[in-house]
1. Using only alpha carbon pairs under 8 Å that are at least six residues apart, calculate the relative contact order of the range 138-237 and give it in whole percent.
2. On a full-extension model of 0.36 nm per residue, what is the gain between MET235 and ARG28, subtracting their alpha-carbon distance, rounded to one decimal in nm?
3. Give me a comma-separated list of calculated 3J(HN,Hα) values for the range 61-73, in order, Karplus coefficients 6.51, -1.76, 1.60 applied at θ = phi - 60°, integers in Hz, x for any Gly or Pro.
4. Which lysines does LYS25 reach when only Cα atoms under 21 Å apart count, and residues fewer than 8 places away in its own chain are ignored?
5. Output wanted: per-residue J couplings in Hz (rounded whole) for the range 85-97, from phi through Karplus 6.51 cos²θ - 1.76 cosθ + 1.60, θ = phi - 60°, x for Gly and Pro.
6. With a cut-off of at most 16 other beta carbons within 10 Å, and DSSP calling the residue loop, which GluC sites (Glu not before Pro) in the range 1-89 qualify? Please list them.
7. HN-Hα J couplings of the range 226-235 from phi, Karplus 6.51/-1.76/1.60, θ = phi - 60°, integer Hz, Gly and Pro as x?
8. Going through the range 1-93, which chymotrypsin sites (Phe, Trp or Tyr not before Pro) have at most 10 other Cβ atoms within 10 Å and a DSSP loop state?
Amino acid sequence: MIKINENTKLVVLTGAGISAESGLKTFRDSDGLWENYPVTDVATPEAYQRNPAMVWRFYKERWKQARQAHPNPGHEALARLETWLGQNFSLITQNVDGLHTRAGNSRVIEMHGSLENALCLSCNSRSPMDSINLDPDIPACPKCGASLRPDIVWFGEMPYRMQEIDALLQACDVFMVVGTSGVVYPAAGFVMTASYLGAKTLAVNLEAGEMPHFVDEFHQGKAGEVLPRIVENWMEA
Ligand code: OAD
Ligand code: ZN
């Protein structure tokens, strides 16, 4: 069993699986479909150009679902880790639901953006979703009136804060990956990179599947059950 203490630099990467127990569907659960459209058809810049109203409809709906959801014991365990480790803890998430922040984590990198904001196509300013009028099919920027888009990193776009992430992968002692299928790059490569750069690695997932050789320790189960146990073990040792 991998051990950590107050001086361990720990980086955690989460995916949709950690929010499953909060009632939010993972991409796999939904077979990658939304109202019979492949999710990739509403998650690209081309889709927005083709049909911005449909793309907005999808993200307004997801934002509503995320706001109704609550952090679960998996999120809460990661918040306790941050309280314990402070600056030695960093959380990278592919999720856009905002649940990590609501659980109390502040050292969070939302590499795929956030449902909580919209981005102006003209003046580039960010507006919180709850500050804008969502009635129009395509909401308008409160600052300049131009069209807004969801502040989500779509397929083909560069994830946010990659330089910071690189530095974290280089410096970390332990890298833990939770609830991600590991198919979407670059996030899927982080655990391998961290391992090659010398970190010990562990993975938490509901399904066993085939674990690559660069995962040192695998914990099968629900994140909301497994994470509190792991964190408790670490903090008691
Ligand atoms: P996926 O839906 O691809 O994978 C979810 C993973 O979580 C699977 O491996 C499940 O086995 C696992 N899982 C499900 N329930 C779980 C639970 N209760 N506890 C632990 N694990 C559980 O989601 P991601 O890997 O996050 O990108 O998907 C990556 C990216 O693909 C997303 O960020 C999104 C999507 O397209 C963008 O939106 C840019
Ligand atoms: Zn604007």
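Please treat every number below as a calculation from the coordinates, not as lab data. This structure is a prediction, so every number in the text was calculated from the model and none was measured. Heads up, the Cβs are rebuilt from the backbone with ideal geometry, glycines too, and the neighbour counts pull from every protein chain shown.
1. Taking the mean separation of contacting Cα pairs over the length of the range 138-237, I get 18 percent.
2. 71.2 nm
3. 5, 5, 5, 4, 4, 5, 5, 7, 7, 10, x, 10, x
4. LYS60, LYS64, LYS222
5. Coupling constants for the range 85-97: 8, x, 5, 7, 10, 9, 10, 10, 10, 8, 7, 10, 8 Hz.
6. Passing both the DSSP loop test and the Cβ count: GLU6, GLU35.
7. Whole-Hz 3J(HN,Hα) from phi for the range 226-235: 6, 4, x, 5, 4, 5, 4, 4, 4, 6.
8. Filter output for the range 1-93: empty list.
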